[in-house]
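Bear in mind these aren't lab numbers, they're just calculated from the coordinates by the rules spelled out. The structure displayed is predicted, hence computed values, not measured ones. When we count neighbours, we look across all protein chains shown, and the Cβ atoms used for this are built from the backbone with ideal geometry, even at glycine.
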Amino acid sequence: MPLGVKIAWSLVGVLVAIAYGLVIAGIIRKVMARIQGRIGPPVWQQFIDLGKVIFQRTATRHGWMFYLAPIFRAGGGIGLYLLVPVVIGVPALSNFSFDGDLLLVMYFIFFGSLGMALGAADSGHPHSPIGISRGLSQMTAYELPFALAMVAMAAEVHSFSIHDIIMVQQGGILHWNILTNPLAAIAAFIAFLGMNMYAPFNIVGAPQEIPVGPPTEYNSVFLSLMMSGRAILAVAKIVLYMDLFLGGAHSILEAFVKTFIIYFWSVFVGAVFPRFRTEQAVRFFLGWPTVAGIAGVLLVLIR
Amino acid sequence: MTTETSELRRRVQLWFGPQHPGITGNMSVQAWLEGDTLTAGVTHVGYLHRGFEKLMERRRFIQSFPIVCRICVPEPDTNEYLLAAGLDELSGLAAEVPQRGRWIRTLVLEMSRLQMNLMTLGGHIGAMAMGAAPNWLIALRDLVLDRFEELTGGRIYHMFITYGGVRRDLPEGFAERMEANFRTIEEKLPLVDNVIFDSSVFRKRAIGVGVVPEEWVDEMSLSGPIVRAMGIPRDVRKDFPYEKYPELDFEVVTTTGSDIYARAWIRRQEIAQSMDLIRQIFRKMPEGPYCAKLPNMLTWTIPPGQTYVRAEATRGEMGYYVVTDGSDKIRRVHVRAPSYVHGVALLERMIPGTNIADLAPLMVSLQVCPPEMER
Amino acid sequence: MDTKPQSTLPVLVEPPRGAEPHAPLGRGYFLGETRRQQPLPMRESLAKIKNWFRANSLWVMAYGTGCGGIELRPLTTARFDFERFGMAMRPTARQSNVLIISGYLAVKSLKRVIRAYEQMPSPKWVVGLGSCTINGGMYWDSYNTINRLDLYLPVDIYIAGCMPRPEALLAGFGELMAMIKRGEANGWNHYLENFDWYKENQKKVINDWNMPDYNW
Amino acid sequence: MISKLPIFGLAAVVARIAVPTLATAAGSLSAAHLLGWLGGLTAFGMTLLAVFQEDMKKLLAYSSVGQVGYVVLAMALMTPLGWTAALYYAVNHFLFKGLLFLAVAGVIYRTGVRTFADVGGLIRRMPASFIAVLIGIIALAGVPPLSGFAGKWLLYEALMDKGWLFLTAFMMFASVIAFLYCFRLIHSIFLGQLKDEHRQVREAPWPLLLAELLMIVPILVLSVRPRVLVEPLQHLVTGVFGVPGVRFASATTMTTSFGYFNAAAMMAMVVVLVVVLLVILVTAGAKPTKVNQLDIVYSGELPPSPEEVQYAWAFYRPYEKAFAPLLKARVTAFWNGVVDVVEGIADAGRRFYTGNAQTYVLYSVLFILVLAAFGLAR
């Protein structure tokens, strides 16, 4: 496939992914509302919010680094999405996944977070660095079980290529990594809770403590870019998990179903828990999720 | 080259409030943060000051009742009762208040304690960002508010208890509808217990956090659930019985630990206790008139005198010091509000060493009610 | 003779405690370079579509200024649930569009409310809740409250009552949404056009005025 | 950068003497494995200590020691890929750490303070130094577009290739902890609130900036074409082991037995994304008004002085609390010993960091000469 066509397809894919991320976020708001006994907003509420935020008549900014946070947040999300194959066997939807491997993807997750932190800190609001300090602390903590799981996955196929990891899982549900190495999967899925920032790990934006953390000063068009970045980042992460543990997807429908299931795991946990304190969250991840990850790696070594 | 970093630069000044979702109303805590620990905090009030005590000096006795219930917005009935009881006592009307009137007063007081505790229990976990339980509990509280509306005509402000008794009798079938509501509440409460008291995260966050030492009780005149959470059975309803509480059968709920968890547990038990008491009240309430024959409200004067009346609000001991001078207006009234003690003195003393994440749960568990602090 | 045009802004802002300001007093810390006076009539292309988006996504600032705050809890939670109309609470002024003045305003609160209002991005709307915002309600003779809110802030819609039930609030917000869709809720325009008048009124009641003058 | 020189000494020594013995001992628990864990633990422990420093230079010093840990670990791998990684890492670290030291020296020179809590918001006064530090920390953190990622990538590929799985995960963890101090370095110095006494601070002197530029250019070159450095290093290593660890699929793509990495494509993607999004941000929506420093949402109150709004002291206190069991009790004595040693080393090292640009340039030239001599000698 020529590069131009591929870029065009990827662009379409990015737009679809943003829309899908917004729809998922809308469904989550609905589900959360139903758990709380409310009716909840319409599922397309996120689109209305996005439109409203873009159509804001005035905007304020601080220094020039202020621009960086939304750009890095959205750039990190889009970049991550572009590096992960969405549907196997369809070149149009496999994006640029052959230009990078699992390590690159892992570090691209940090690209968004770190860039966002840098930009948000420029606003000069004390809530931003406090939120960032919490967020980065938690990020390092869930990184350990996540890294253990990644290492286990990669060691199994002796390759860091996501494509290879998907290929080894073909041939039925029993070949999926979630069943062949459940311990590593447990570690990774608990790390996923921390990544998604739902309770009990939503310590970054904690409204009762530091409303609303890093994006406190963001408004108007900055906020809209941040919202779309968050949407696509969520989609990219669940696609990555689908590829690693649920055997990838062969059709768009399968991708929708699998990603949806993965995402709702964190939502259902988040609906019924209060929030950890920062050091409690860090200690939690360094506790038994790490043990599960170590056991997962041992499982690979024994085999 | 290397200079010692000044105290000013080690700390960050943060304002919790007035515009802050973690604060329990329109008040603010100016706090200093070092790392993630608050090193000092000052409570600021005045955002809600209306000068009630002054306003009442310009109003006739009956005109004071609509004002007085605004002193604590979520639990107005204690204020109404206290003003009514003070005026009863000073005017000599106390002897004429009929028995049923007293029972209905007790009923209203317990209902208001019930709805306030339902809301505060949700606040405990809501301050830790758990959305479901507060939603359920506020929906349950709305059931009690429905009964209030049926009884008094208002959801929040009732202006129901007056001198000489109450404004009207119970409507037909009130007890049955209340019982139906109680059954709904009792059905839902185990679920709430499950997500609050059995939640490992809540236990981690709440046990051992925000401990009030026992020596402070008399030193700072603490009262209410804060004291009962230390194991001291102190309750105005038992110690200085008023209205029909002596005829009701209940034990003061106590526990040990004196932390956020213990105070939440006390509130949970008091919800059950309130429902039990209301059932008892319905059983024991006699028929009869609900109000004494009242004098002409426009010309009524009360002979000079002064008195202090007290009652148990959900936050602790609430007291009114009422002075009359023989005219048709109150000469002076002073409100002894538990939130003032807990929200200004106790909170400021507890802030040093508190984690920034624990301030909101701490404020909820001390049950600070800003309008009551400022009057 | 100094020919540089003098600032038309009065020097209002005290430097923070313990600081020796390098910038001219009143400009360095809080003020932008120019005050942006935007006469903003609602004459823009796509106005209808934009207004539809704005009306269906009202973000309310989480600031309970008075007693009315107690009915905002039921409004947001299970029984009345205003989120089904696309409304949500936002904890920061920079991201909110609706400011609910829930009841009476003490003078001290008024100062904070004005500051919060001026930090909100436009379009922004003010909802006056309860009788106290209309004429002072039962605190008409209190020494510490203001009686008429619209002397100090442009109120788009009043919801009368003491206190109004959540249903009344929902009806009020429904009316506000309809006004926004029709392009009639232009309180913020009015504030900008009559900025000096509003400031004069505000300074009349707030004695220790140390607020920055900005309006965007 | 001085701390890197022994690495080459170590490399030479290990190459001549240790390879035969250690390679034969590889089997159960080899000495190489021990050396690897020693390197890993150094990287982890020093990184953790760097996170909690309040002094810019101490932070960089701890960070350097931690980075040497990575190099030692890669050396201990005793594979061609591992050695390539170690040498690449060392050179790269020399570049970005030199850059960071120079930029921070500029800040210290202009402001006269070294504690994070005493500076802040300097981006408005020293934008060039800010960009230098930004490039330095992105390279240090190993976040994709810049050269640091290639080093991290080589290291992980080498570790996985060798089969040291736990060390791989452990190093991933340690390198993420490095983000904490990277962010702190840039936030506490350049972002946030500008202090009153620094309102007149000027940009760092131009010789210093020139030296920084000398570091930035190779970093950018390596970011797009890591092959420029990896290929010569590969030649060196092949001399020892006989087989190459990295293959070059194209001008920009490197492959190992475990994975592949296209640096130029990555750089292109990031640049395109940032430019496109910036254009979107600038053209769409309302034109933003610049507001001033203390005009922040502050719960409706007026913020006090910039000093009290800047969050800089004890930045990672919760993190410190989470690791308290590790840093307490018996372990404390051990770490105290480590700290003493490290501080001693850092103090000794500080004599070389004169803050004088000419000296630094001299060091750089000397270093490159030594490097060249080393290469020729092979």
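Can you work out the FRET efficiency for the pair residue B:279 and residue B:214, with r the C-beta to C-beta distance and R0 = 25 Å, to the nearest 0.05?
On the way: r = 34 Å, r/R0 = 1.36.
E between residue B:279 and residue B:214, to the nearest 0.05, is 0.15.
Within region A:1-87, none of the trypsin sites (Lys or Arg not before Pro) combine a DSSP coil assignment with at most 10 other C-beta atoms in a 10 angstrom radius. What the Cβ-Cβ distance of residue A:268 and residue D:341 gives, at R0 = 56 Å and to the nearest 0.05, is a FRET efficiency of 0.65. Of the Cα atoms belonging to chain A, the radius of gyration and Dmax stand at 19.0, 62 Å.
How high is the relative contact order of chain A, in percent, counting Cα pairs under 8 Å that sit 6 or more residues apart? Display every interim value, and only then the final one.
Values: 476 pairs, mean separation 85.7, N = 303.
Answer for chain A is 28 percent.
In region B:51-374, the ratio of gyration radius to Kirkwood radius, Rg to Rh, stands at 0.97 when only Cα atoms are counted. In region B:51-374, taking the dipole from charged Cβ atoms about the Cα centre, the farthest positive-side position among B:272, B:83, B:127 is held by B:83. Taking Cα atoms only, the orientation of helix A:288-302 departs from the longest principal axis of chain A by about 30 degrees.
Extending 7 Å from the Cα toward the beta-carbon at both residue C:204 and residue C:47 defines two label points whose distance is 3.2 nm. Of the trypsin sites (Lys or Arg not before Pro) in region C:67-162, the ones in a loop by DSSP (not H, G, I, E or B) with at most 15 other beta carbons within 10 Å are C:148. Placing a label point 7 Å from the Cα of residue B:256 along the Cα-to-Cβ direction, the residues of region B:193-227 whose backbone N falls under 17 Å of that point are B:207-209, B:211-215, B:227.
What is the mean number of Cβ atoms from other protein chains located within 10 Å of the Cβ atom of each residue in peptide B:50-61, rounded to a whole number? List each step's numbers first, then the result.
Details: counts 11, 7, 2, 0, 4, 6, 0, 0, 1, 2, 0, 0.
Taking all residues of B:50-61 together, the mean is 3.
Put simply, when D:135-146, A:143-154 are sorted by average Cβ atoms within 10 angstrom per residue, most first, you get A:143-154, D:135-146. Normalised by the number of residues in region A:1-154, the average gap of Cα pairs under 8 Å and 6 or more apart makes the relative contact order 22 percent.
How high is the FRET efficiency between residue D:324 and residue B:146 when r is their beta carbon distance and R₀ equals 56 Å, given to the nearest 0.05? Given R0 = 56 Å and the Cβ-Cβ separation, E is 0.65.
Near residue B:313, the amide H atoms lying under 5 Å from its own belong to B:318; only residues 5 or more places off or on other chains count, and H is placed 1.01 Å from N. Residue by residue, region D:221-228 carries 3J(HN,Hα) couplings of 4, 5, 5, 8, 10, x, 4, 3 Hz when phi is fed to the Karplus relation 6.51 cos²θ - 1.76 cosθ + 1.60 (θ = phi - 60°); x denotes Gly or Pro. Peptide B:34-42 has a mean shielding of 4, counted as Cβ atoms of other protein chains within 10 Å of each residue's Cβ.
Can you give the average number of partner chain beta-carbon atoms within 10 Å of each beta-carbon in peptide A:60-73, as a whole number? Walk me through the numbers on the way to the answer.
Details: counts 12, 5, 8, 9, 4, 7, 3, 5, 4, 0, 4, 8, 4, 1.
Counting other chains' Cβ atoms within 10 Å and averaging over A:60-73 gives 5.
Under the simplified labelling scheme, the residue B:287-residue D:31 pair shows an inter-label distance of 10.5 nm, with each label point 7 Å from Cα along Cα→Cβ. Using C-alpha pairs below 8 Å separated by at least 6 residues, the relative contact order for chain B is 27 percent. Placing +1 on the Cβ of every Lys and Arg and -1 on the Cβ of every Asp and Glu, with no other charges, gives the protein assembly as shown a dipole of roughly 1820 debye about its Cα centre. The C-alpha atoms of chain B define a longest principal axis, and helix B:132-152 lies at about 20 degrees to it. Between residue A:15 and residue A:303, the modelled label-to-label distance comes to 4.1 nm, taking each label 7 Å out from Cα in the direction of the beta carbon. Derived value for the protein assembly as shown: Kirkwood hydrodynamic radius 32.9 Å. Basis is the mean of 1/r over every pair of different alpha-carbon atoms.
Helix A:68-83 and the long axis of chain A differ in direction by around 20°, with both axes built from C-alpha atoms.
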